[in-house]
């Protein structure tokens with residue numbers, strides 16, 4: 001990394017640190033710093049405060065602001081409130097290695113948030129065994145009996161992951177609370193579904209479809225097992241548009257109602273910080289047609305019979321307010337920022353659905 005780039009990053013950090021004293025509020029779409037396009041795996045606008053979202057008419061959507069946290073983050077819990085945040089979603093298990101172990105900062109994060117009276121609920125990183133992420137073996141067509149056998153294998157993996165989650169609650173001595181957030185009331189728990197195949201370069205489209213079918217079985221078996229143990233739980237699906245478009249949308253009819261009935265926390269990080277669904281504004285795709293292709297995937301993920309189920313939007317991984325610590329290789333400490341739109345429940349044939357009160361892009 002060049003000296004000039006390091007100076008720029010440190011300058012951004014110092015500016016953000018000063019801004020944190022007053023914690024500015026922004027509104028998207030707008031011109032935000034987004035150079036370089038990412039810090040490692042972290043993308044999105046570089047902002048020193050929460051970002052509201054403008055309706056096409058120019059006024060602001062009704063929503064509340066929050067963050068998501070894990071052991072990679074160090075934060076000033078009081079600043080979440082000072083900056084206008086009202087909720088947090090906290091990872092309960094480790095991400096990189098031992099997915100069955102408690103995240104090192106889960107209990108501390110929950111205690112710090114409770115002290116500030118910030119509404120919080122956990123999320124669980126759903127990890128498949130590595131062998132189940134190798135899919136080149138599905139390049140050809142499976143027999144009905146082979147497909148049924150693989151469904152059982154992935155279903156078992158989901159049940160085991162559910163037991164891991166329930167065990168973690170006991171280890172942490174944590175009871176999922178009933179939260180009232182942005183018009184909704186429930187025992188919310190998010191399940192983070194984002195794993196792609198380990199051998200995607202050797203796999204064809206047929207294999208991707210099978211993986212999506214089996215991955216969906218695993219996720220829904222997790223949901224079924226967890227809600228048997230905690231029947232009042234409201235699972236929230238966290239995912240990326242590409243994970244849905246490449247895999248989860250291939251859920252079979254017997255599994256699809258499970259996925260379609262879930263409220264969604266969508267990760268979509270436009271450089272200008274705006275809405276996850278942008279169908280009526282194709283101008284941002286100029287020169288980059290893939291953006292509009294992704295928009296269509298987001299629409300397929302979010303739009304259901306009852307309305308827009310993408311009630312939470314993770315719009316950047318590069319929020320410099322609230323995070324504390326020293327820059328690393330010129331990159332300031334940063335966290336994920338989220339919007340929780342004012343939402344409602346609606347009755348549908350598949351059961352209760354959780355959707356935004358207002359979907360301006362219909």
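Calculate how large, on average over all directions, the projected area of the Cα convex hull of the stretch 131-256 is; give the answer in nm² to one decimal. Show your work: numbers first, answer last.
Details: hull surface 35.0 nm².
Seen from a random direction, the Cα hull of the stretch 131-256 projects 8.8 nm² on average.
Rounded, prolate or oblate, given the Cα gyration tensor of the chain, with a/c below 1.5 counting as rounded? Mind dumping the intermediate values first?
Working: a/c = 1.44, a/b = 1.35, b/c = 1.07.
Rounded is the answer for the chain, as its axis ratio a/c remains below 1.5.
Report for the chain the percent antiparallel among DSSP-assigned beta bridges with both residues inside it, nearest 5. Please list the in-between numbers first.
Working: 29 of 59 bridges.
In the chain, approximately 50 percent of DSSP beta bridges are antiparallel ones.
In degrees, nearest 10, range 0 to 90: what is the angle between the Cα axis of helix 3-19 and the longest Cα principal axis of the chain?
Once rounded, one gets 80 degrees.
Roughly what angle does helix 106-115 make with the longest principal axis of the chain, taking Cα atoms, 0 to 90 degrees, to the nearest 10?
The two axes meet at around 50 degrees.
Just to be sure I understand: with springs between alpha-carbon atoms less than 10 Å apart, which residue in 207, 148, 27 has the highest mean-square fluctuation in the Gaussian network model of the chain?
Of 207, 148, 27, the most mobile in the Gaussian network model is 148.
For the stretch 255-344, just say rounded, prolate or oblate: build the C-alpha gyration tensor, square-root its eigenvalues into a ≥ b ≥ c, call rounded for a/c under 1.5, and beyond that prolate if a/b exceeds b/c, oblate if not. Working shown, then result.
Working: a/c = 2.52, a/b = 1.47, b/c = 1.72.
Oblate, since a/c reaches 1.5 and b/c is not below a/b.
Sorted from largest to smallest, which semi-axis lengths in Å does the alpha carbon gyration tensor of the stretch 120-189 give for its equivalent ellipsoid, taking the root of 5 times each eigenvalue? Walk me through the numbers before you get to the answer.
Working: eigenvalues 236, 43, 22 Å².
Ellipsoid half-lengths, sorted descending, are 34, 15, 11 Å.
For helix 144-172, what angle does its Cα long axis make with the longest principal axis of the chain, in degrees from 0 to 90 and rounded to 10?
40 degrees
Order of 119-126, 193-200, 320-327, 33-40 by packing, highest average Cβ count within 10 Å first?
Working: 119-126: 23.4, 193-200: 17.0, 320-327: 18.6, 33-40: 13.0.
Sorting 119-126, 193-200, 320-327, 33-40 by mean packing, highest first, produces 119-126, 320-327, 193-200, 33-40.
Tell me the mean residue ellipticity at 222 nm calculated for the chain from its helices only (DSSP H runs of n ≥ 4, each -39500 (n - 2.57), averaged over every residue, nearest 500).
Working: 8 runs with 112 residues, N = 362.
It lands at -10000 deg cm²/dmol.
Rounded to whole Å, give me the distance from the Cα center of the stretch 156-178 to that of the stretch 311-362.
For the stretch 156-178 versus the stretch 311-362, the Cα centre distance is 23 Å.
Laboratory data are not the source of any read-out in this text; all were calculated from the coordinates shown. Values in this document were obtained by computation on a predicted structure and should not be read as measured data. Note that we place each Cβ from the backbone using ideal geometry, even for glycine, and neighbour counts take in every protein chain shown.
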